[in-house]
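Only the coordinates and a few stated rules stand behind these numbers; no lab work does. None of the values given here were measured: they were computed from a predicted structure. Because the Cβ atoms are built from the backbone with ideal geometry, glycine has one as well, and the counts that use them run over all protein chains shown.
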């Protein structure tokens, strides 16, 4: 298997990125890469192509709003991998430094605007490596990929196809609809924690709380 086959990881990562005009323009090329991939299972390939069509068919503003609602307003579907492991704990910073060092050791300099644990960044890096390293790194975070995918599945999102395809590439079982439904309460609790608390509590009636 040639390293060129791994370009599909970059294609999947692109689909998981914010749907900028550049991404929309690249959708035909992304479709070609997915269609030609030997790594993606036929069933997963069809689901990925439906995701491509979903992004293409939506009006730009609708696609952007849908993306923000899915990925930027809930910890359960966050594409920042260490968020699922460390949350806001201090260890997250150390883990990101270590991952950035992995990129640097392989000759890759991360753009200052990107965090190293952002899934599309990880996939772009792995698309330039060999299959053994790609499968090993994806295998290490398979439980996170599954959690994100099942949270998306629970929301009825076509984006779940991207996580399913990644799991398929490393031989993991399919996303579990029942597990996604059963995790609903817990995921909503995580999303509630994610919402930034207001600086001030709502004011009560005049004089309330004064003794």
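Values for this structure:
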| item | result |
| --- | --- |
| Global form of the stretch 1-105, assessed from the alpha-carbon gyration tensor, a/c cut-off 1.5 | oblate |
| Calculated FRET value between residue 57 and residue 178, using beta carbons and R₀ = 22 Å, to 0.05 | 0.15 |
| Global form of the stretch 1-54, assessed from the alpha-carbon gyration tensor, a/c cut-off 1.5 | oblate |
| The stretch 10-35 and the stretch 55-129: distance between their alpha carbon centers, rounded to Å | 16 |
| Inter-label distance for residue 22 and residue 98, nm, one decimal - labels placed 7 Å from Cα along Cα-to-Cβ | 3.1 |
| Förster radius 22 Å - calculated FRET efficiency between residue 136 and residue 38 (Cβ-Cβ, nearest 0.05) | 0.70 |
